[in-house]
Every structure is written in structure tokens, then in C-alpha cells.
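Scroll down for the structure; my scribbles are underneath it.
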Amino acid sequence: MIPTKLFFTKGVGKHKEQLQSFELALRNAGIEKYNLVSVSSIFPPNCKIVSKNEGLTYLKPGQIVFVVIARNSTNEPNRLITASIGCAVPSDKEMYGYLSEHHGFGMTEEKASDYAEDLAASMLASTLGVEFNPDASYDEKKEVWKISDEIYKTTSVTQTALGEKNGLWTTVLSAAVLILD
């Protein structure tokens, strides 16, 4: 059982009940009708990233679907929350890559996206033996990875939201949805 395709999605939901806000975030992301099973964060060898619309065509309601998911919730008015998935794909398609989950507070979408990508790329780089300064900025590390030619690409999907002004639960999620053929 090795996934051959993967797509990214994200969503936000608001409701007086925390669980219902999560359900609404799943609906917003388009993955509410599946039995989601959270897995650790390996990007499978030879896996193809497809669009959400294409990916959804392979799934049926009620199906067990494996996901790498990041989620965060708050009922604090105006509190900025984020959920992000980072992805690092190796140049060698026969090798596995990494997905990372990040759940944060007070981070902009850009900062959370960079953080999640950096985390996934750092894990992959350490597996590949690419030496880099862990204290260097994300942009500096990205240059080292480009020069090493070991990391093909990095990407991320991030959802941010402000806590609802009247104290309703607000939930954000980002997910990498794995598809088995």
C-alpha cells in the first residue's frame, strides 16, 4: 500500500461547538465525506502531486483515506491561528521525501508556509546528507539545497484565520491527502 498520488487542501470553519467548527473546516477543504486516518509525514517514492479537483475524483464517500493533517482551533476573539503542511520532494523520484505539519499562533500565512517548507526540507536534507547550518535563514538554506541538487522542490499549503469576534470556535486545517490506486 504505497500511495501514488497526493493532493493538498485547506479549510476554515466557525461554530459555537469546537467539533462542529472542525467539521466545517473539513467541508471547506472538501474532505468531510471520508474516514480520515492520520499518518506520519513521508512523501512516498514516485508519488505524483495532483490538483485537489483531480485527486477528489479518485475518492468515494465513506472511503478510508490517509492524510497528513495540521489543525488548530481557538475560541479567543481575533487570535490569529495557522495550520500548515510543508513538502520536500527529492530529485531522485525513487527516494522518499518529507511532509511536515505546523500548527501556530500569531504567524502570517507567509511565515507559516516558509516554516513548514523549511521543516520538511531540513528533514529531507539531513536524510540525504546535505550539510547546512540549521541556524541559517530559510532563504540561505534554500540556496544550499539548490546547489546540492538533491532536493527537487519544496511547497506548502497554509490556512490562517482570526478567531471569530464573538468567541465562536474557529478551526483551520491543512492536509496532504494520499491516494492509493
Enumeration of residues in the range 5-24 that are touching a Leu at 6+ places or on another chain (Cβ under 9 Å), surrounded by fewer than 21 Cβ atoms within 10 Å (Cβ to Cβ) and hydrophobic (A, V, I, L, M, F, W, C) = VAL12, PHE22
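Of the residues that sit in the range 25-72 and are in a loop (DSSP other than H, G, I, E, B), among the small types (Gly, Ala, Ser) and buried (at least 16 other Cβ atoms within 10 Å of the Cβ), which one is modelled with the lowest pLDDT? Before the answer, list the steps.
Residues of the range 25-72 in a loop (DSSP other than H, G, I, E, B): 30-34, 39-41, 44-47, 50-51, 57-63.
Next, from what is left, pick out any that are among the small types (Gly, Ala, Ser): 30, 40-41, 51, 62.
Restricting the remaining residues to those that are buried (at least 16 other Cβ atoms within 10 Å of the Cβ) gives 30, 41.
On the way: GLY30: 98, SER41: 91.
Once the filter is applied, the top-ranked residue is SER41.
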LYS14 passes all but one of (1) closer than 23 Å to ALA120 by Cα; (2) part of a strand (DSSP E or B); which number fails?
-> (1)
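Quick grid of which residues meet (1) touching a helix residue (DSSP H, G or I) at 6+ places or on another chain (Cβ under 9 Å); (2) at pLDDT 90 or above; (3) buried (at least 23 other Cβ atoms within 10 Å of the Cβ); (4) in a strand (DSSP E or B):
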{"residue": "SER84", "(1), (2), (3), (4)": "yes, yes, yes, yes"}
{"residue": "TYR98", "(1), (2), (3), (4)": "yes, yes, yes, yes"}
{"residue": "GLU101", "(1), (2), (3), (4)": "yes, yes, no, yes"}
{"residue": "GLY104", "(1), (2), (3), (4)": "yes, yes, no, yes"}
{"residue": "MET123", "(1), (2), (3), (4)": "no, no, no, no"}
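For the range 54-76, state whether one or more residues are more than 16 Å from VAL172 (Cβ to Cβ) and without any contact (Cβ under 8 Å) to a residue 12 or more places away in the chain. Break it down stepwise before answering.
Just the residues of the range 54-76 that are more than 16 Å from VAL172 (Cβ to Cβ), to begin with: 54-66.
Among the residues that remain, those that are also without any contact (Cβ under 8 Å) to a residue 12 or more places away in the chain are: 57, 60.
Yes, the conditions are met somewhere in the range 54-76.
The values are calculated or read from the model by the stated rules, or taken from the named source; none is laboratory data. Because the structure is predicted, anything quoted here is derived from the model rather than measured. Don't worry about glycine lacking a Cβ; one is built from the backbone with ideal geometry, like all the others, and counts go over all protein chains shown.
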